[in-house]
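*Asks:* So that we are looking at the same thing, I have put the structure below in structure tokens.
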Amino acid sequence: MMARLEPRGRPPRWLSPLLTVTAVAVALVIGAIVLALVGGDPVKSYLHIVKAAFGDVGVLSDTLVKATPLILTGLACALAFRMRLWNIGAEGQFLLGAWGASFVILGLGLPEGTPAIILIPAMMLAGALAGAVWGIVPGLLRARLGVNEIITTLMLNYVALAWVQFWVFGPWSEGGFQQTATFPKEAWLPRLTDFGKEIPLFSGLTTHLGMMFALIATAIVWFAVSRTRWGYEMRLIGDNARAARYAGIDIRRYIVVVFAISGALAGLAGMSEVAGSVHRLQDRISPGYGFTAIIIAFLAHLGPWRVVVASILFGALILAGREIQPSGVPAMIQGIILFCLIVADVFTRYRLVIARRAAATT
Amino acid sequence: MIDFTLVLAAGVASGTILLFAAVGEIFAERAGVLNLGVEGMMLMGAVAGFSVAASTGNPWVGVIVAMLAGAALSLIHAVVAIHLRAEQVISGLALTFLGTGLARVLGDGLSKAGAIETLPRITVPLLSQIPVLGPILFREQSILTYVGFVLVPVAWYWIDRTRPGLNLRAVGERPAAADAQGIDVIRVRYAYVIVGGLLAGLAGATITLAISPGWFGDQTVGGRGWIAVGLVIFAQWSPIRAAIGAYLFGAIFRFIIDIQGVKTIFGFENPFQAGRSATFFLEMLPYLFVIVVVIIGSREALRRRVGAPAALGIPYVRGERGA
Amino acid sequence: MTATEPRAPQAASSPNALEAVGIVKSFPGVLANDHVDFDLRPGEIHALLGENGAGKSTLMNVLAGLYRPDEGVVRVDGRAIDFRSPRDAIAAGIGMVHQHFTLVPSQTVAENVLLGLDRPRFWLDLKRTEAEVASVARDVGLKVDPRARIWQLSVGEQQRVEIIKLLIQGAQVLILDEPTAVLAPQEIADLFTTLRSMVATGTSVVFISHKLGEVLSIADRITVMRAGRVTAAGIDPKGVTRADLARLMVGRPVLEQLERTEVEPGRVVLQVDDVHADNDRGVPALRGASLQVRAGEIVGIAAVAGNGQSELAQVITGLRTCTGRVTIEGRDVAARPARESIAAGVAHVPEDRSGVGSAPNLSLVDNLILRAFRRPPLARGPLLDERAARDKARGLREAYAISAPTLDAPVRILSGGNLQRLILAREIDSAPRVLVAVQPTRGLDVGAIEGVHQMLLDLRAKGTGILLISEELEELLALADRILVMYEGRIAASFETPSGVDIDAIGLEMTGGEEAGSGSETVSTDA
């Protein structure tokens, strides 16, 4: 008996979604086994995740709060991955975005009572800009000098973390704690609960305007990649850069621009997180959104709307996972899911042929 | 003031960690397989080595288990990247996620394990008496540091001057040519990915069993796996250059710690004293420096028009039509 | 000894040096070898003739141990042997020079030779190997520097390294897969001399080719394959004509029926003046090349691989930077981005169809709009009109008979001929002023070649200036109005067709002119 992989011509349409769902299921089973091996109770843990993430409107809303930065960073990764640019730096771009938005509040010396209509757009701009800068640096290095973007984006994550830590431990520290003072109310993104008086159902719900940013960004990215010449050009670069050059596309410029947009999206995620959810800058502002985004982009097969769905699932995992012991479990499950997705992806491209060797040759 | 001999000696010790990981990655990449999971493998090595040493009381058993743990993780990557022909970048990232998560799960509670017996430190007679270099290289160094000293020339000789090394280079540069000469491309790739895993596991154990014993979650490795991957580019896939880079980075890491204990520099107050927020700029240094050395490596590759092994990251398939 | 005097095969009683019986080998969707028999006598040159895709290379890959047959037996010196790897084959004395050389570019000649040897097992002694390479090379009259790195060598020199490597490994049987495809006429003559001196000392040679003239001039016996089967086994070249062989090879008479209309060349559409450019390794590849192409004219470029013809095509199409002037109808596009050369009306059929000319995983639609997507009706401002794109793709698929399951199929599943039709369809559809076509028929079967040739002639009739770069002299002779010979980055000579054609002179110019090629053993290439 021999098993080998043979390339498929064109996989049927249903195959890829089916394999994706299977992969996630298999990953959860493997995760359960590992969990049981280290002495946990997998059934209880999984039930807990479902209940803590989707059990009622309140926790569902919390899940969406976690999903918001994931959608934006997931889009950032998916966009770059389409061109086979490995932007592993969404985490750092997120942190810079959060810092940039905080800078508007804490660094500009705007007078107290500056209205939201000025503050919020300024924070969005600053967040996106800071994230974009953090993306352009590796983009330029890759486009101009051929420097491997995986390494540079990763290293910039660590630099970004130290940068944020410097500000929250130092100049912006509130009373020596590792966090800034709470932002004024004008700098808070509106939440559903703010409309609790008018619509009682909303009271207590923390889902904020960042979700709208995320959905609008998703729509824009979807439109750009599927309906415009840029989308076509990106597809071309992603599949065969030499063919793209042959088609007269300036690949270097695309690399820089896509890195900038990717960084801006992740930066906006950081802004949305500080303005919509945390309302201050703090040391551990991200539980690894930028890294989870990589898995989300892959799970979504780089499709913008699928990023939204995948983000909600991972939002649930992050939300509920905080209470699961040991603390490494969610990260481990993420790793297993990614591996299972990779294997599933292999089977959309190849079919497994198990064949007995034909009549012996001698 | 800082005693620079001590800083450099400690830098050599600390650089040994990066050295093992980078040389391991060089082996894997020379065979044409990019393994970005070094950070995850190191964490697994670190936690496995530490917990086994803590429970058995024997650090040597810890070292061996650590290497096996790194190899076990690398085997997953090997199957996915070599047999299943998956995108190696993503598989390597997945390995880092998995290794990090698993290490944290396994390391749960380990931080309270207390002191363990570490690997022996040795002062080499005679050699340690050499002026300047002696105290830096041969005084009170962990036994693993000396293993590092031996590994570098051995790795260089192996790759450049022996039959297995010749085969290794052929597999990474032009697997079809190697295959046509009867070299088993798949087996060679598996072997060196696993060698990479063994060495990454050893690198992890070097942290927890020799250089800075203890378990601090994913901060135990703290990005050094990624630095090792960056070093490989700077090293242009040469173990000797990797060694230079590794010891340099070791010294930087050490300097960052030591300078925080200094009160004044040239009569001015040291802004980087421990506890000051400016120390975060110090923490950025190694990562910024990686970017600099990777730029240097890339520029050199552009100028000399040689660089990464030609088949790096590309799965090998024999017998496809038109091949 | 001359080409027209094949030696009598050696004693028929001695066992065959190599024998294949009933070989079957299939790949997904293709039966490449269907019960194929083949035998090679000691000390003969046995030609295996067939067009691309006939299964020649597959059969030889089986004999060389690279593929394992699904069915069938391989015998060496009368003993049945089951090759598990190429190493088994070489141990049995069978070595193959593949079309794509199996050399490691970054390693030296000596290291490449070592790669194929079993000894020494661990410690390498490069000095000794270098001396051994030099001595074997001297024995068979091949010139090669054992310390040179492979990437520094010309294609002809690399072929010599392959042969030397196999001889040092102890090969008694040499299988050469299309060895002349990359060589100039004089280099071919040199190769033939080497092969004859080797068979004289007892080595046996399998010579794979699809070129009738070559096969008739070198072979002691000829086996012909078509569509995975043998159509003629071990026939004597004395008793057959080119027409016979062609019929056996293709299954029908193969004289190309090309419609060639008389076109009066118009104004100059492409002018190249004193262009200099480096190749990918940073070595000067173009050193002052100048030429003109007029509307309605096909200008052929003949050159041995590596003399700057690829770089010339890239310079004109904006894919390589250069100094000098490249003008399209008076508009200078030298060292400008590819986009400007496209806008100026340059179309390009690149050498590498799947690596440059198409995006393998994208659909027919995406690949067919590769050039036109910037202009209306496909582009509407920044938007791309998907329906217009599909309409265009559908139209082109019908007009150019591109055979594919659907418009959404990825083009990697297309056959070589169909992919080339797709690329030509797209390029011709852009109504170009200038078309640069590089090796447009390489690797295609006879029917597909005829189609491509007709498409080029039709485009010429419409008044496009065509620069045709080809390694097939016959193709240039059939299509070109003028043939320019390139040597070391310059245009070395120009020949008008059909009046001023002298194959020997072209061959001489391709290899640098001066040195006496004397034409004693050049290969006849009349079509």
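*Asks:* If r is the Cβ-Cβ distance from A:Leu47 to B:Ala278 and R0 is 51 Å, what FRET efficiency results, to the nearest 0.05?
*Replies:* 0.60
*Asks:* Could you give the nm distance between label points at C:Ala200 and C:Ala305, where each point is 7 Å from its Cα heading toward the beta carbon?
*Replies:* The two pseudo-label positions are separated by 2.9 nm.
*Asks:* Lys and Arg at +1, Asp and Glu at -1: add these up for the other residues within a Cβ distance under 11 Å of A:Arg252 and post the number.
*Replies:* Net local charge, A:Arg252 excluded: +3.
*Asks:* While we're looking at this one, here's another question. Given a Förster distance of 45 angstrom, what is the FRET efficiency for C:Arg149 paired with C:Asp273, based on the Cβ-Cβ distance and rounded to 0.05?
*Replies:* Calculated transfer efficiency: 0.85.
*Asks:* Using a 10 Å cut-off around each Cβ, can you sort A:Lys44, C:Lys165 from fewest to most neighbouring Cβ atoms?
*Replies:* Arranged by neighbour count, lowest to highest, A:Lys44, C:Lys165 become A:Lys44, C:Lys165.
*Asks:* Find the relative contact order for chain A and round it to a whole percent, using C-alpha pairs within less than 8 Å whose residues are 6+ positions apart.
*Replies:* Relative contact order comes out at 37 percent.
*Asks:* Normalise the Debye intensity by I(0) for segment B:134-250, one equal point scatterer per Cα, no solvent, then take log10 at q = 0.13, 0.14, 0.20 Å⁻¹ and round to two decimals.
*Replies:* With one equal scatterer per Cα and no solvent, log10 I(q)/I(0) is -0.62, -0.71, -1.23.
*Asks:* Same structure, new question: Would you please state which residues of segment A:182-219 a label at A:Ile118 would reach in this model, taking the label point 7 Å out along Cα→Cβ and a backbone N cut-off of under 16 Å?
*Replies:* Output list for this probe position: A:184-188.
*Asks:* Taking the 0 to 90 degree range and rounding to the nearest ten, how far is the long axis of helix B:88-106 tilted relative to the main principal axis of chain B, both from C-alpha atoms?
*Replies:* Orientation of helix B:88-106: about 50 degrees from the principal axis.
*Asks:* Here is a further query. Over the whole of C:360-369, what's the average partner chain Cβ count within 10 Å per residue? Rounded to a whole number, please.
*Replies:* Going residue by residue through C:360-369 and averaging, the value is 3.
*Asks:* Counting only the backbone N, which residues of segment A:84-101 are under 11 Å from the spot 7 Å out from the Cα of B:Leu288 toward its beta-carbon?
*Replies:* No residues fall inside that zone.
*Asks:* Is it possible to state the helix-based mean residue ellipticity at 222 nm for chain B, with each DSSP H run of 4+ residues giving -39500 (n - 2.57), the sum divided by total residues, to the nearest 500 deg cm²/dmol? What is it?
*Replies:* -21500 deg cm²/dmol
*Asks:* Given only helices, namely DSSP H runs of n ≥ 4 each adding -39500 (n - 2.57), what is the per-residue ellipticity at 222 nm of chain C, to the nearest 500 deg cm²/dmol?
*Replies:* About -9000 deg cm²/dmol.
*Asks:* Could you tell me the relative contact order of segment B:1-126? Use alpha-carbon pairs under 8 Å, at least six residues apart, and round to a whole percent.
*Replies:* So the answer I get is 30 percent.
*Asks:* Applying the Karplus parametrisation 6.51 cos²θ - 1.76 cosθ + 1.60 with θ = phi - 60° to the phi angles of segment C:264-269, what ³J(HN,Hα) value in whole Hz is obtained for each residue in order, glycine and proline being reported as x?
*Replies:* Karplus values, whole Hz, x for Gly and Pro: 7, x, x, 5, 6, 9.
*Asks:* A follow-up question, please. Explain nothing, just the number: relative contact order of chain B, from Cα pairs under 8 Å at least 6 residues apart, as a whole percent.
*Replies:* About 35 percent, as a whole number.
*Asks:* Against the longest principal axis of chain A, how steep is helix A:210-227, in degrees 0 to 90 to the nearest 10, with axes from Cα atoms?
*Replies:* Helix A:210-227 and the main axis of chain A meet at about 40 degrees.
*Asks:* If you fit an axis through the alpha-carbon atoms of helix B:224-234 and take the longest principal axis of the Cα set of chain B, what angle between them do you get, 0 to 90°, nearest 10?
*Replies:* Around 60 degrees separate the two axes.
*Asks:* Something else about it: Take B:Lys112 and C:Arg380, extend 7 Å from each Cα along the Cα→Cβ direction, and tell me the distance between the two endpoints in nm.
*Replies:* Placing both labels 7 Å along Cα→Cβ, they lie 6.8 nm apart.
*Asks:* Which shape class applies to segment C:257-377: rounded if a/c is under 1.5, otherwise prolate when a/b exceeds b/c and oblate if not, where a ≥ b ≥ c are the square roots of the Cα gyration tensor eigenvalues?
*Replies:* Note, shape of segment C:257-377 comes out rounded.
*Asks:* Can you give the % of DSSP beta bridges in chain C that are antiparallel, to the nearest 5?
*Replies:* 55 percent
*Asks:* Would you mind classifying segment A:142-231 by shape? Square roots of the alpha carbon gyration tensor eigenvalues, ordered a ≥ b ≥ c; an a/c under 1.5 is rounded, otherwise it is prolate if a/b is larger than b/c and oblate if not.
*Replies:* Here segment A:142-231 falls in the oblate category.
*Asks:* What is the spin-label model distance, in nm, from A:Arg8 to A:Arg227 if the labels are put 7 Å beyond Cα along the C-beta direction?
*Replies:* 3.0 nm
*Asks:* Going 7 Å from the Cα of C:Ala409 toward and past its Cβ, which residues in segment C:352-380 have a backbone nitrogen under 13 Å from where you end up?
*Replies:* C:363-365
*Asks:* Also, quick follow-up: Past the 29 Å Cα-Cα mark, which pairs from B:Lys112/B:Lys263; C:Lys25/C:Lys211; A:Lys44/A:Lys66; C:Lys392/C:Lys462; C:Lys56/C:Lys165?
*Replies:* In this structure, B:Lys112/B:Lys263 lie more than 29 Å apart at Cα.
*Asks:* Can you classify the protein assembly as shown as rounded, prolate or oblate using the Cα gyration tensor, where a ≥ b ≥ c are the square roots of its eigenvalues, rounded means a/c under 1.5, and otherwise it's prolate if a/b beats b/c and oblate if not?
*Replies:* Cα axes put the protein assembly as shown in the prolate bin.
*Asks:* To check you understand DSSP bridge types, tell me what percent of the beta bridges within the protein assembly as shown (both residues inside) are antiparallel, rounded to 5.
*Replies:* For the protein assembly as shown, the DSSP antiparallel bridge percentage is about 60.
*Asks:* Counting each DSSP H run of 4 or more residues in chain A as -39500 (n - 2.57), what helix-only mean residue ellipticity at 222 nm follows after dividing by all residues, to the nearest 500 deg cm²/dmol?
*Replies:* That comes out to -22500 deg cm²/dmol.
Read-outs: derived from the displayed coordinates by stated rules, not from any lab. On a predicted model such as this, the values are computed, not experimentally measured, just so you know. Counting neighbours? That spans all protein chains shown, and the Cβs are built from the backbone with ideal geometry, glycine included.
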